[in-house]
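Comments concern the structure below.
The values are calculated or read from the model by the stated rules, or taken from the named source; none is laboratory data. Nothing here was measured: the structure is a model prediction, and the numbers come from that model. All Cβ positions, glycine included, derive from the backbone under ideal geometry; neighbour counts span all protein chains shown. These area figures cover heavy atoms from the full protein model, side chains too; ligands, DNA and RNA do not enter into them. Shrake-Rupley method; radii C 1.70, N 1.55, O 1.52, S 1.80 Å.
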Amino acid sequence: MEEAFRQFRTNLEITSLQESTTSTRQSNVRDAVARDFSVLESFLTGSYRRNTMIAPLTTADIDVFVVLDPKYYASNNQRALLSAVMGTLKKEYPKTPKIKPDGQAVTITFTDFEVDVVPGFYPTGGGFLIPDATVGRWISTDPKKHVELWTASNKAHGGSLVPLIKMMKCWNRANGNLFRSFHLEVLVRHVLTDVTITDIPSGVRWVLDKIREKVWTKIADPAGYSDDVAPYLSKAEADRMISVINSAHRSAVAAETYASIGYVRSAIEEWRSIFGDYFPAYG
């Protein structure tokens, strides 16, 4: 079973060639914004920077954070700011058909993956302000702090937290992306606080058991900028999440039981029912 999970972990990794492509692409995007705007700082953020992005690259997005001069800030111009950034990117990529504002970012849909460009500002008191055009407000956040926190937690778990988060994201994708990515990552990290991952299979089962109790609980942004990382949830969505988690937890318990008595094929079939085809088949 260790070998199956080792292969599963490998299957979720982005290849070195893809890493090179994403590196070049994000650098070009940052340069494009800097040609039209006064940029104080730009950096990679999101799952790519937290090392929790999973294959295939075609389903992923690379988050580029661009800190702009405060002259571009106005209390009510979230939509206008995103539109201005979109205009710049359309000049740079005139043959890319899908470049559009998407809530808190401008999304560029390339043929191989997406890049989300998030404009922001330095507020008084630290962190960053980013636009939310959907509701017309500015949101406080600190993606750099998230990277620090995830890195520290992964180290505390002996390097096992990040692979486990990736596996849970694979499960989430196999079930129609019930959770938004950052919400799921926060939940996994949260329920593993004050415990230690001893092995990945039991870690998956533990996480499935504990996150179902937290779906309806407000979980704060670990960086301290919000008391709820999942304001998007409706009761219907939460009920469906809990139902899917319960099913996956039953399969994880069964898989561990089968493995303990030597029924490897049955164990693998149960894990594949949770994770889908990215989990290796028996034999």
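Side notes on the structure shown:
- Cβ-based net charge around Phe37, under 14 Å, with every Lys or Arg adding one and every Asp or Glu removing one: -1
- Principal-axis tilt of helix 181-191 within the chain, Cα atoms, nearest 10 degrees: 50 degrees
- Separation in nanometres of the label points that stand 7 Å from Cα toward Cβ, at Ser38 and Tyr282: 6.6 nm
- Potential extension, Ser266-Lys144 segment - 0.36 nm per residue separation minus Cα distance: 39.7 nm
- Net charge over other residues, Cβ less than 10 angstrom from the Cβ of Thr88 (K, R count +1; D, E count -1): +1
- Against the main long axis of the alpha-carbon atoms of the chain, helix 264-275 sits at an angle near 30°.
- Highest average first, the peptides 206-219, 41-54 ordered by how many other beta carbon atoms sit within 10 Å of their residues are 41-54, 206-219.
- With the simple spin-label model, which puts each label point 7 Å out from Cα in the Cβ direction, the Ser16 to Ser247 separation comes to 4.0 nm.
- Every Cα-Cα pair of the chain was included, and the share exceeding 29 Å stands at 38 percent.
- Debye intensity ratio in log₁₀ form over the Cα atoms of the range 127-283, taken at each q of 0.16, 0.19, 0.21 Å⁻¹: -0.94, -1.25, -1.43
- Treating r as the C-beta distance of Asn177 and Ser83 and R0 as 25 Å, the FRET efficiency rounds to 0.40.
- The range 140-148 - phi-based ³J(HN,Hα) in whole Hz, Karplus 6.51/-1.76/1.60, Gly and Pro as x: 8, 7, 8, x, 5, 5, 4, 4, 4
- When you count the other C-beta atoms within 10 angstrom of each residue and take the mean per peptide, 152-164, 228-240 line up highest first as 152-164, 228-240.
- Interchain or long-range residues, amide H under 5 Å from Leu40's placed H: Val67, Leu68, Asp69
- Shown for the range 19-139: the carbon plus sulfur share of the solvent-accessible area, taken with all protein chains present and a 1.4 angstrom probe, equals 47%.
- ³J(HN,Hα), Karplus 6.51/-1.76/1.60, whole Hz, each residue of the range 120-127, x for Gly, Pro: x, 9, 8, x, 5, x, x, x
- Protein heavy-atom accessible surface, 1.4 Å probe, per residue over the chain: 48 Å².
- Taking 15 Å as the cut-off, no amide N atom of the range 198-230 comes nearer than this to a point 7 Å along the Cα-to-beta-carbon line of Gln7.
- Extent along the principal axes, Cα only, for the range 50-169: 44, 40, 23 Å, with the longest axis given first.
- Accessible-area composition of the range 158-283, carbon plus sulfur, in percent [1.4 Å probe]: 48 percent
- Shown is the FRET efficiency for Leu233 and Asp209, computed with R0 = 22 Å from the Cβ-Cβ distance and rounded to the nearest 0.05: 0.65.
- Modelled label reach - Thr151, point 7 Å along Cα→Cβ, the range 26-50 residues with backbone N closer than 16 Å: 43-50
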